[in-house]
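Remarks on the structure that follows.
The values are calculated or read from the model by the stated rules, or taken from the named source; none is laboratory data. All of these numbers come straight from a predicted model, not from anything done at the bench. Every residue, glycine among them, receives a Cβ derived from its backbone with ideal geometry; neighbour counts consider all protein chains shown. In case anyone asks, the SASA skips ligands and DNA or RNA and just uses the protein heavy atoms, side chains included. Shrake-Rupley method; radii C 1.70, N 1.55, O 1.52, S 1.80 Å.
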Amino acid sequence: MTDKIRSILATDCGSTTTKAILIELTDEGYRLKVRGEAPTTVEKPFDDVTVGVVNAVTEVQELAGRPLVGEDGLIMTPQQGDAGVDLYLSTSSAGGGLQMLVAGVVRTMTAESAERAALGAGAIVMDTISSNDKRQPHEQIARIRHLRPDMILLSGGVDGGTTSHVAELAELIGAADPKPRLGSGYELPVVYAGNVQARDAVKEALEAKTALSIVDNLRPTLDEENLDPARDQIHDLFMEHVMAQAPGYDKLKSWTSAPVMPTPGAVGQIIQTIAKQRGISVIGVDIGGATTDVFSVFKDTFNRTVSANLGMSYSISNVMASAGLENVLRWVPFDIDESELRNRIKNKMVRPTTIPSLIRDLQVEQALAREALRLSLIQHKEFATELKGVRKSRDISEAFDQSGSGNTIVDMMALDLVVGSGGVLSHAPRRVQAALMLVDSFEPMGITALAVDSIFMMPQLGVLASEQPEAATEVFERDCLVMLGACVAPVGTTKGGKPLAEVTMDLPDGAKTVGLSRGDLLRVPLGQGETARVRVVPAKGVDVGAGPGQPFEKTVDGGEVGILLDGRGRPLQLPTTANERVAAIEQWIENLDLYPRRS
Amino acid sequence: MGHAYTPGLKVSDAAEFVRHRILPIPGEVLVKQGDTVEPETVVARALLPGNVVTANLARLLGVAAADLDDLMLVQEGAAVEKDQPIAQSKGIFGFMKQTAKAPTTGELESVSKVSGQAIFREAPIPVEVKAYVGGIVSEVEEGFGVHVDSRGTMVQGIFGIGPEVSGPIAVASDDPARPLMPQDVKPEHAGTVLVGGSMARLDTLKACVDKGVKALVVGGIDAADLKQLLGYDLGVAITGNETVGLTLVVTEGFGQLAMSGKTHRLLSERAGQTASVSGATQIRAGVMRPEVLVPSEIHQIEETEVDTGLMHVNSTVRIIRDPHFGELGRVTDLPAEPHVLDTEAAVRILTVALKDGEHVTLPRANVELVDERL
């Protein structure tokens, strides 16, 4: 059937902007034709998300030079002649996205698995209640009542395990009798995905008060997670209950050819597709206006975290508050009055859609982005761990090592690819700015490929992947993913100013060898579509992927940036005095051709 | 000639405003359609279910949850007093009986036979909703609340803090470009909605609190002063529940920014009249801006560009980001093609003629519509 789909329109209704892309079947396969955007309209005077959708599609229609919206104001499907499209799909995070409360018996086991299921489904987790979270029951009840989530995920107990604790949690939720955030006319959806033997007790406590649904246990045994049934149920309920309450969503639902997907769920879908198809470990990051989502696939395990209040517009003031002034200013190559900076950030918070038109303003915004990204990855590493509570058989070295279960699985040395998405990365005026924001904040180790989502279309491709995987993959490879290049970052130090490593690159125009010293940040051009074999011989005690002092080789893809040779250390070491720091940053700006030269 | 969708803040002396005054849970509506209400009129009332306190009776008595039925001294649904015995174990040969007592006064709502947990519900908590603004009850949502319909002057601010209040308008500064000083806040301003100038620093904000000013409407504040006033650094702009003793409406933004001439003029013209003020701000989807509402006799409602969100050539706009932050101007061109900025970003732009005649090119995202003719 795929060959019959001639054109696809996909929109993503973000909290600030609604983005639309038009994909058409060409002689080369499916290609992105044009994109358009318009402000999201879930607030007065419009109060209807479809107004923003039609505005964005109208822009697409003008740019494509063919009609997509009919005289009745509806998107025309299927395509007839030159008018309309065969498929219309949408994702959404407008209206605050999906806000969930999760509950489980043990904080680090079933509750954490429930959190992973909710996050994987694209939710923002407002709180996690567990039997051992150190809060008194009345405090937990007060919290549940106060939060007014869109949905609750209740888990607890492995199959055949505790029933009384699960029943107790269900009773707490029942006693709180929580009201949904949107609309008072419907019952709050509760998904139970815990011990099968506690189902009757959960039904007794919740069936009369909530819209209870029961799915397979998400942690059937201690060493097994089964998150898909809970995730699928969350998706369905999101469509059925939550979306229906947001302004205009009923209309949007009736327009689309497939269910509207929560934006982060769609991005997660495409990140997993990349990791699977290429057999690599990936970190994806989507830095938005209100939140920053981090996705990772290591050892075939997918994780997603949402840093709910780290974003570039609505939450920008919180980035400053969380990171601290000093951490933000360390990336800025000029003096700025603290009070002026604080006012500037607060003004962005209250007028979130403004954009920098001055280079200094752009540099401040990119400094804040580095901190938002850095803090988001810290949160992600803390969450993306091995299953806790699993009994492991250990060999003698592990026993001495004392490393138990629950270690982070995010291994920056094993990381193959970082993909950045979101306005500040996708729309950075120079791609090298996006590359350096990713390197400065994530500090990849060894040799790591860097890419960005060219025009921020991963959400739309994620939802497309669920309907037309072939089209999604073709557009992703050709039009979405922009390879920036690779970062080579040795880990460790040397004494007496000796180089950290000798890097030899077999470039298309010949081999080049560079001695990389501490504090260096260099850029070696390697264009889009080109590859180079990179051999790194590190100094004693310095690691680039094969162990301390061991040479390492890898073939890297080129891109709009090329190869970044980063000798600034891991963790990254910036000069401590203001003058030295500013001088170093100015040097890196020059080496990388990071910003336009000021006249 | 192009147009663009651009948000703006409503500032009008001929606006219609309908405020939905709704209970969080079903209750009783105390007024009827057509009634005239004042800001302090209670329009609806409900009883929130009381707080919940739990006690695990099975653990307290050292018995299985399934056995609790026979041990209860008080049945589900009964009223209990704090420390009243509610269950007792049988002990050993009638000795060493354990007694579980009620942890609070209220009702024994339920006892679980699975977990052994007893849930006690305290007395209901009354909740009242006031009219907030003077007007006519135009619609009753039975059991939930009412819509209050009113007309008059409406000023939306960009940011605010503090709850809904009402009081007579007093003007502290005739000059919208002059910072408001502590000495401008007089004892006679107690209970008023005070209208100031371009900025109120922390000492002025504190003077307002000390003198009992109910609400302050001012052009700008300093971010560091806001942190001092609140006692924490506000991370996201979701406000309205602050209890600093003052409701604050900032009309222009952070920093020293002259209050818009129209805002100052409209509020000055209403001096002495009762204004309803809310500091609640939510800059997320479902955006809420702080507001000042002054009901008055209006026959013709003014439809403005801000209402439509549509910007044309000749629209008046405020520049909302550096350079020229805070300046007003007239749109002279809305070219369709993207333009490359100094940052090298290619974006849609507009050109604006500033008051001094200078023409500037700006990203469209960096202006907002203003209901004011230049």
Residue-wise HN-Hα coupling along segment A:208-220, computed from phi with Karplus coefficients 6.51, -1.76, 1.60 (Hz; x: Gly, Pro)
6, 9, 9, 8, 7, 10, 10, 10, 4, 4, 7, 9, x
Where q = 0.06 Å⁻¹, what log10 of I(q)/I(0) comes from the Debye formula for the protein assembly as shown, counting one point per Cα?
-0.49
Would you calculate the convex hull of the Cα atoms in segment B:217-325 and tell me its volume per residue in Å³?
156 Å³
Which of the peptides B:55-61, B:182-188, A:88-94 is most tightly packed, and how do the rest follow, going by the mean number of other Cβ atoms within 10 Å of each residue?
A:88-94, B:55-61, B:182-188
Expected vector for segment A:451-458, Karplus 3J(HN,Hα) from phi with 6.51, -1.76, 1.60 and θ = phi - 60°, integer Hz, x for Gly and Pro, equals 8, 10, 7, 3, 10, 6, 10, 4
With the Cα gyration tensor of segment A:450-513 giving a ≥ b ≥ c as the square roots of its eigenvalues, does the rule (a/c under 1.5 for rounded; else a/b larger than b/c for prolate; else oblate) give rounded, prolate or oblate?
prolate
Which percent of the accessible heavy-atom area of segment B:52-121 goes to carbon and sulfur, probe 1.4 angstrom?
53 percent
Can you show me the helix-derived [θ] at 222 nm for the protein assembly as shown, built from DSSP H runs with n ≥ 4 at -39,500 (n - 2.57) apiece and divided by the number of residues, rounded to the nearest 500.
-7000 deg cm²/dmol
Rounded to whole Å and sorted largest first, what semi-axes of the equivalent ellipsoid does the C-alpha gyration tensor of chain B yield via the square root of 5 times each eigenvalue?
54, 24, 22
Each residue of B:226-236 has, on average, a number of other protein chain C-beta atoms within 10 Å of its C-beta equal to 4
For the charge dipole of segment B:52-121, defined by +1 on Lys and Arg C-beta atoms and -1 on Asp and Glu C-beta atoms about the Cα centroid, which residue among B:F93, B:L57, B:T105 has the Cα displaced farthest towards the positive pole?
B:F93
What dipole magnitude, in Debye to the nearest 20, does segment A:2-93 give about its Cα centre under +1 on Lys/Arg Cβ and -1 on Asp/Glu Cβ?
160 debye
Placing each pseudo-label 7 Å from Cα in the direction of the beta carbon, B:D175 and B:T361 end up separated by a distance in nanometres of 3.7 nm
Going highest first, how would you order A:455-468, A:481-494 by mean Cβ packing within 10 Å?
A:455-468, A:481-494
For chain A, with the dipole built from +1 on Lys and Arg beta-carbon atoms and -1 on Asp and Glu ones, taken about the Cα centre, which of A:A578, A:H165, A:A121 lies farthest toward the positive end?
A:A578
Volume per residue of the C-alpha convex hull in segment B:312-370, rounded to whole Å³:
71 Å³
Lys and Arg at +1, Asp and Glu at -1: neighbours of A:A486 with Cβ under 15 Å from its Cβ sum to -1
Test item: B:113-121 mean partner chain Cβ contacts at 10 Å:
6
C-alpha long axis of helix B:202-211 to longest principal axis of chain B, angle in °
60 degrees
Most positive-pole-ward Cα, A:L237, A:N55, A:P429, against dipole of chain A from beta carbon charges
A:P429
Give a residue-ordered list of calculated ³J(HN,Hα) values for segment B:221-238 (Karplus: 6.51 cos²θ - 1.76 cosθ + 1.60, θ = phi - 60°; whole Hz; x for Gly, Pro).
9, 9, 4, 5, 5, 4, 4, 4, 5, 7, x, 7, 8, 5, x, 10, 7, 10
Take every residue in peptide A:357-363, count the Cβ atoms of other chains within 10 Å of its Cβ, and give the average of those counts.
6
What quantity of accessible surface, computed with a 1.4 Å probe and excluding non-protein components, is buried in total between chains B and A, in Å² to the nearest 100?
4700 Å²
About its Cα centre, the protein assembly as shown carries a charge dipole, from +1 on Lys and Arg Cβ atoms and -1 on Asp and Glu Cβ atoms, whose size in debye to the nearest 20 is 2000 debye
What FRET efficiency, computed as 1/(1 + (r/R0)^6) with R0 = 35 Å and r the Cβ-Cβ distance, is obtained for B:D35 and A:E207, rounded to the nearest 0.05?
0.25
Charged-residue dipole, Cβ positions (Lys, Arg, Asp, Glu), segment A:137-296 about Cα centre, Debye nearest 20
560 debye
Take the Cα pairs of segment A:97-255, get the Kirkwood Rh, then feed it into Stokes-Einstein at 20 °C and 1.002 mPa s and tell me D in µm²/s.
141 µm²/s
Note on segment B:245-260: residues buried by at least 40 Å² of accessible area once partner chains are added (vs chain on its own, 1.4 Å probe) come out as B:F254
Give the Kirkwood hydrodynamic radius (Å, one decimal) of segment A:127-197, defined as one over the mean of 1/r across all pairs of different Cα atoms.
12.7 Å
